Amino acid sequence: MGQNHYLITSLPALGELGSDPPMTGAEFLGHLADSPGAAKPVETLLLADDLLQRDAVLAGEMDQASPAVLTAAQLADEEPLPGYLVDDERVQPRRVAGDAVWAAYFRRAAEVADSRRCRFLSDWVGFEVALRNALAEHRAKALELEAHEYLVEPELSAD
């Protein structure tokens, strides 16, 4: 993404801290249409937000979502997720069904980071997996559960 100086300067300014962003994730992806090297890593990062929104919609915590990569029907579980999020045979069955989607997502994100040589995305995956797994271990210990049943792709962790 180092060659996208013009792209960066063409984006709208951010507002005050806590204000709504000046564009949606989908609109941001539209700005990247002519920058394929940047589009895939950004799409991969925005997919994580879509999956968080999906979890919130399915839990009844959110009525209206604004996905950037997935469709509203996919967030509501009315349409299937993309195959790479559900058909990854490397992902073991999980105690919590949603963890399998996250495991497939993090594998996909790591693959995109490697194929695009995007160090930021690679570092982010390592950090995010390490943080999520540390929280899962802490919760499991507090609840006297087996932590390994709740870890997601620990080999991707930035420990």
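Values quoted throughout were computed directly from the atomic coordinates according to the rules given, and no laboratory measurement underlies them. Note that the coordinates shown come from a computational prediction; the quantities given were computed from them, not determined experimentally. Please note: Cβ atoms are built from the backbone with ideal geometry, for glycine as well, and neighbour counts cover all protein chains shown.
If you average the C-alpha positions of the range 128-159 and of the range 44-122 separately, how far apart do those two centres end up, in angstrom?
Each part's Cα centre sits 18 Å from the other's.
Could you derive backbone 3J(HN,Hα) for the range 7-24 from the dihedral phi with the Karplus parameters 6.51, -1.76 and 1.60 (θ = phi - 60°), listing whole Hz in sequence and x where the residue is Gly or Pro?
My calculation for the range 7-24 gives 4, 4, 6, 8, 7, x, 6, 7, x, 4, 4, x, 7, 5, x, x, 8, 7 Hz in order.
As a test of understanding, state the convex hull volume per residue of the chain from its alpha carbons, in Å³.
Details: hull volume 23.1 nm³, N = 159.
Output value, Cα hull per residue: 145 Å³.
Quick one: what are the phi-derived ³J(HN,Hα) couplings along the range 59-67, Karplus 6.51/-1.76/1.60 with θ = phi - 60°, whole Hz, x for glycine and proline?
Per-residue couplings from phi come out as 8, x, 8, 9, 8, 10, 10, 10, x Hz.
Tell me the angle of helix 36-58 to the major Cα principal axis of the chain, expressed in degrees between 0 and 90 and rounded to the nearest ten.
50 degrees
When the Cα atoms of the range 1-79 are enclosed in a convex hull and the volume is divided per residue, what value in Å³ results? Spell out each step's value before the answer.
Numbers: hull volume 8.1 nm³, N = 79.
It comes to 102 Å³ per residue, whole-number rounded.
Pairs of alpha-carbon atoms within less than 8 angstrom and 6+ residues apart define the contacts here; what relative contact order does the chain have, in percent?
Values: 170 pairs, mean separation 26.6, N = 159.
That works out to 17 percent.
Using Cβ contacts closer than 10 Å as the measure, can you line up His148, His31 from fewest to most? Can you show the working numbers first?
Working: His148 12, His31 16.
If I rank by nearby Cβ atoms, fewest first, I get His148, His31.
What does the net charge come to around Leu32 if you take all other residues with beta carbon closer than 15 Å to its beta carbon, with K and R at +1 and D and E at -1? Intermediate results must be reported in sequence, preceding the final value.
Numbers: positive: Lys40, Arg116; negative: Glu27, Asp34, Glu43.
Net local charge, Leu32 excluded: -1.
How far, in degrees from 0 to 90, does helix 97-116 lean away from the longest principal axis of the Cα atoms of the chain, to the nearest 10?
It is inclined by approximately 40 degrees.
Could you work out how far helix 119-142 tilts from the main Cα principal axis of the chain, as a 0 to 90 degree angle to the nearest 10?
Roughly 30 degrees between the two axes.
Using only the Cα atoms of the range 81-159, what do you get for the radius of gyration and for Dmax, in Å?
Cα-based Rg and Dmax for the range 81-159 come out at 12.9, 41 Å.
Below 8 Å between Cα atoms, with a sequence gap of 6+, how large is the relative contact order for the range 1-86 in percent? Working shown, then result.
Numbers: 68 pairs, mean separation 19.2, N = 86.
Reported as a whole number, the value is 22 percent.
Calculated from DSSP H runs of 4 or more alone, at -39500 (n - 2.57) each and per residue, what is the 222 nm mean residue ellipticity of the chain, nearest 500? Display every interim value, and only then the final one.
Details: 7 runs with 88 residues, N = 159.
Only helices count here, giving -17500 deg cm²/dmol.
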